[in-house]
1. For segment C:217-236, what are the residues that are open to solvent by 20 Å² or more (accessible area, probe 1.4 Å) and within 19 Å of B:THR274 (Cα to Cα)?
2. Among the listed residues D:SER103, D:SER31, D:SER15, D:SER79, which satisfies the condition of being of a type in the set (Gly, Ala, Ser) and within 14 Å of chain C (Cβ to nearest Cβ)?
3. How many residues does segment C:7-54 hold that are buried (at least 16 other Cβ atoms within 10 Å of the Cβ), among the basic types (Lys, Arg) and at pLDDT 90 or above?
4. Tell me whether segment A:225-244 contains one or more residues that are in a helix (DSSP H, G or I) and at pLDDT 95 or above.
5. Of all residues in segment C:140-170, which are open to solvent by less than 10 Å² (accessible area, probe 1.4 Å) and of a type in the set (Val, Ile, Thr)?
6. State whether the residues of segment A:202-211 include one that is under 30 Å from A:GLU155 (Cβ atoms) and open to solvent by 20 Å² or more (accessible area, probe 1.4 Å).
7. If you scan segment D:172-192, which residues turn out to be within 13 Å of another protein chain (Cβ to nearest Cβ), over 14 Å from the mean Cα position of the chain (by Cα), open to solvent by less than 10 Å² (accessible area, probe 1.4 Å) and of a type in the set (A, V, I, L, M, F, W, C)?
8. Against the condition aromatic (Phe, Trp, Tyr), touching a residue at least 60 places away in the same chain (Cβ under 8 Å) and buried (at least 16 other Cβ atoms within 10 Å of the Cβ), how does B:PHE69 come out, does it pass?
Number of protein chains: 4
Amino acid sequence: MIVIMKADVKMNEVSAVIARIEDAGFRVHLSEGEERTIVGVIGNGRPLDRGQMERMSGVERCITILKPFKLANREFKPSGTTFPIKDNLIGGNEIVIMAGPCSVESREQIIETAIACKEAGAHILRGGAFKPRSSPYSFQGLGEEGLEYLAAAREATGMPIVTEVMEPSLVSLVSQYADVLQIGARNMQNYALLHAVGKSHHPVLLKRGMSNTMEEWLMSAEYILNHGNTRVMLCERGIRTFERYTRNTFDINAIPVMKEMSHLPVIADPSHATGKWEYVSAAAKAAVAAGADGLIIEVHPRPEEALSDGVQSLKPARFVTLVEQLKMVAQAVGRSIPQPT
Amino acid sequence: MIVIMKADVKMNEVSAVIARIEDAGFRVHLSEGEERTIVGVIGNGRPLDRGQMERMSGVERCITILKPFKLANREFKPSGTTFPIKDNLIGGNEIVIMAGPCSVESREQIIETAIACKEAGAHILRGGAFKPRSSPYSFQGLGEEGLEYLAAAREATGMPIVTEVMEPSLVSLVSQYADVLQIGARNMQNYALLHAVGKSHHPVLLKRGMSNTMEEWLMSAEYILNHGNTRVMLCERGIRTFERYTRNTFDINAIPVMKEMSHLPVIADPSHATGKWEYVSAAAKAAVAAGADGLIIEVHPRPEEALSDGVQSLKPARFVTLVEQLKMVAQAVGRSIPQPT
Amino acid sequence: MIVIMKADVKMNEVSAVIARIEDAGFRVHLSEGEERTIVGVIGNGRPLDRGQMERMSGVERCITILKPFKLANREFKPSGTTFPIKDNLIGGNEIVIMAGPCSVESREQIIETAIACKEAGAHILRGGAFKPRSSPYSFQGLGEEGLEYLAAAREATGMPIVTEVMEPSLVSLVSQYADVLQIGARNMQNYALLHAVGKSHHPVLLKRGMSNTMEEWLMSAEYILNHGNTRVMLCERGIRTFERYTRNTFDINAIPVMKEMSHLPVIADPSHATGKWEYVSAAAKAAVAAGADGLIIEVHPRPEEALSDGVQSLKPARFVTLVEQLKMVAQAVGRSIPQPT
Amino acid sequence: MIVIMKADVKMNEVSAVIARIEDAGFRVHLSEGEERTIVGVIGNGRPLDRGQMERMSGVERCITILKPFKLANREFKPSGTTFPIKDNLIGGNEIVIMAGPCSVESREQIIETAIACKEAGAHILRGGAFKPRSSPYSFQGLGEEGLEYLAAAREATGMPIVTEVMEPSLVSLVSQYADVLQIGARNMQNYALLHAVGKSHHPVLLKRGMSNTMEEWLMSAEYILNHGNTRVMLCERGIRTFERYTRNTFDINAIPVMKEMSHLPVIADPSHATGKWEYVSAAAKAAVAAGADGLIIEVHPRPEEALSDGVQSLKPARFVTLVEQLKMVAQAVGRSIPQPT
């Protein structure tokens, strides 16, 4: 940390800052410039509290030098993290495709969709059993019944399942059915939930909150990693901006930035990132071109009857075409999309 | 709802839309303009799903006419909601002040602060026992021990307590100690938690999420109200923008807008809304001038030692001055800040 | 400036950075921490280019210590700037009120409005002759004819005039009529225009761009001040966010922040900052409570016929009431709103 | 337009709205629902002023049905616009690459860079002679001297030139040198400038303002098109959000949205959209995958000495590699990047 003192700082204020740093077990590196005195903090240990330092008399502001995330930092683990979800290696050269409806609506619907997705080339089945909805009057998901239908679809197709868990007390239940636990955007900073999925040691798909910085996103990953659960995927799903022609703004920059900053695999969700099926294909291809390790795409056999997010769901026929195009884009950037097993 | 058809819509597409609306038990009002055909939906009932309608062939977009919140809507309850927290009437002509440290740090700290706040003129004591922190390495609060200290401070001063609850399974515990349950900004759309505090029938302070629209905020209130828990306060605490000189951008507009749209009391949090103690007083006075029904302000006897948010905490002496100024501003807008009982 | 080197920096990379700093005439302060090497730049002179330094091999990032604005900085001019606009002192203890229609529409309209505004207690007349409109099909203002009508209204009431200038080649013309030149939000970074109004030595009302940081705003003021034109007012008029119930988000924080960072007077525009007349009064009172030196408010005798911005314009009767309320709020914060002369 | 009346609207208020619509030469379509009365406006003509209607007594809000842009709307010109810049067809199946330094710094620098860019496969040379800089103390460009050096580089390589024009009075001068006039992000709503480049009938590259919606962007294009200048390219260069790891957030969604809404060619600027050279390649490939008709990329032979934007400039060697990769991505999406002539 670097402590920048005010222009009119007094000697005793600088002394107090130095004393505090030294009391905390660090060494001090003092630099008296012509316009500002700067106090550098040297040493390795539990970081000083930035807020406390900034509240000391004579301090203008503090600057932290190191990134606040450690376990998620590529600096401390230069090679990328890879792990299998059934037969699919996540984070390797091959790109994985997750697809399925926003919500599980019935046994028939999810099995029909799963079969169509697998035939099109998807590797993992998505589908929500517990749904976060901004209105209490909207469809809230089938709950455990939905989990059972997902399991039936897995049995029918062999596809592993990713589904959202919304509260700590349900992590155990959802883990019995799901191959991957999804943390939704609204819950990215639901710390009780992060602790719970960390402890579960189940693979996690961590969606970025709709107005969270990439740094906060990695800090949320840190909560999970800190429990020794290293199977974490970061999922960019669009952020909230002033733009109104799309539901969210797909932060495509996040893909190369996260690949540089962190060793964790990065998945893109072009369905939420655009919010309109017309733009999903373009966004999906862009994500692969930018270096995403996987995609999660909403597919529904009859979007006009979907109980949620129909407007951003692809029909199976279009999804088939998209997967073919994605294979070509993947190849163009030196990667591949394997046939599902 | 109004359904706007595409410029090149076909007859059978319009017919399908009409059939669907009528099947759902509504009447149709067709308007064929020179450039667009518009289908109006008439009738009162469970709303049609906008996403489904927009996914129908030939539909350009749908517009909902009514606000999606009902129980929170002033249209359905023209007079403002008022309720007492101990001796303090919330939502009336008198303005209530909540004050205290960000975190409960020790028995002595919270009692000392409570006494100072009450002497300055505060009515309700705030203090966090469970703390949402973006880093897993930061102080996470004293937990139940913190709740006990809060209770001790209440006993010492007579001040009722507002404190945050972060997960559904702790609502029961926190309710045993707290007079008001606070839902933090990060949890504004933690629906399991909203259900839990709704069912608790305890008064709730619902903070606005840092990038949530006012409409989403009222929809979250709706989750709580829908359980018959009508003692809900809305708390504006700043939103996230591109600006970097302040921690958040205080959306002062939200005060008059919420007072017009909803009957719920509106509280302002100038501490989080600015993030720097230097600006808290100006923001607090602005909030009262704009019509807030109350304030929640961070006060700490030694901010430079605070375990969280010291940089935005006022010292008691400054808080004393602020309350005096607030009384004058309140009077200027026809309201008052009573002496604590 | 402080240069933070990468974790794996090589000796020769550090040497190159040092050499470059010394070549530019600065001294170097080297600090080798346990995890990062940091190079401090000491000395006073033309600042090093941050981008160039960051592009050097082995550099992680650079941090600038001093604020980039000088002439606008309160550090270099601790007392506030004050100057008269006719009989009104800007930046002093008295608060000035500017009011009038969005656009000048006719001689009768502007004179009628000016008289009503003055009677209500306004000091300066606003009105647009050249209008920036997002659509080329909208009313673009009366141009020079509008300036003449403004001059007629000044003659009729004695009120000085503030009006917008949109292009450098018109600064001379507009200066012949206007007492204050307004730079609109869309032109905050129209540097040719900033140079032109700087050279004009006419008083300037500089609106904040709708998505500009406060720092950029002060840098734009710096362009004007740099020509020796010190009569600059900063005008906060709301910023663009994700919120949709209001036209803009009034950044009330900007008032105390600008008063602390800069010596320039700060004016608030509650009309644009809210975009709906229903919320203008609350926002105006908040601005005064937060420390604004003045207000600029849209008033129109018949808003439902206004050629622009009718939806955010107050009718004269409401404006009369508002001024009375503002006087009380001003008094509550130790200031006053004088009677117009 | 649709006018939604308030819940408690009175008969005479509805009558007044109807009278006003009919007075303006439109027909009325009245729909009395159970909770709201809605007045539809039918007919083709100069649109009613939304603000005026919303200010009428009893009106809750108005909704415009048609997009406000006409000449830029694909609805009115279904086939895409194409036009040549020298030998390069813009908007066709082939993708065009513009490259060069942020600023023209010297004759040698621009010629050296132009040769390197052309060898790498770029078609058009970019370079700023007039530079918009947020600080008056930063390098402001070489002005006309820079234009002369650009002309020399064109002579040396045969590459046409795109360069920024910042004020109306310079459009004539810049047009003498430039093949394409660039309107920078800060000037997207500088209407005097838009009029001037419209009248010039020179090809225009219109950058999106950093916080402008896509609709506003098309309205600015409309200003240019309205002068009969149809050779307009839209350039997405990133928008401003809360994210701090990148300079801007590349709104990749804008590419498919603009291609659907408008017939104008869409160019992407991955240099500004990311702000760091490390991420430029990923963003450029994403843009091509998403359907961009061209790219504009900053290239500098010695970025660590660049007088502006060095941190986001590619070195020629990396640019060579990027163009090879882009050709493969283009092919994957059914397009191609031709060899420069």
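1. none
2. Only one candidate passes the filter, namely D:SER103.
3. Of the residues in that region, 1 qualify.
4. Looking through segment A:225-244, at least one residue is in a helix (DSSP H, G or I) and at pLDDT 95 or above.
5. Passing the criteria: C:ILE161, C:VAL162, C:THR163, C:VAL165.
6. Within segment A:202-211, one or more residues are under 30 Å from A:GLU155 (Cβ atoms) and open to solvent by 20 Å² or more (accessible area, probe 1.4 Å).
7. Of everything in segment D:172-192, just one residue is within 13 Å of another protein chain (Cβ to nearest Cβ), over 14 Å from the mean Cα position of the chain (by Cα), open to solvent by less than 10 Å² (accessible area, probe 1.4 Å) and of a type in the set (A, V, I, L, M, F, W, C), namely D:VAL174.
8. Criteria met by B:PHE69.
The values are calculated or read from the model by the stated rules, or taken from the named source; none is laboratory data. Every value quoted in this text rests on a predicted model; they were computed, and no experiment measured them. Quick reminder, even Gly has a Cβ in these numbers, built from the backbone with ideal geometry, and neighbours come from all protein chains shown. Ligands, DNA and RNA are stripped out before the accessible areas are found, and what is left, the full protein with its side chains, is counted by its heavy atoms. Shrake-Rupley method; radii C 1.70, N 1.55, O 1.52, S 1.80 Å.
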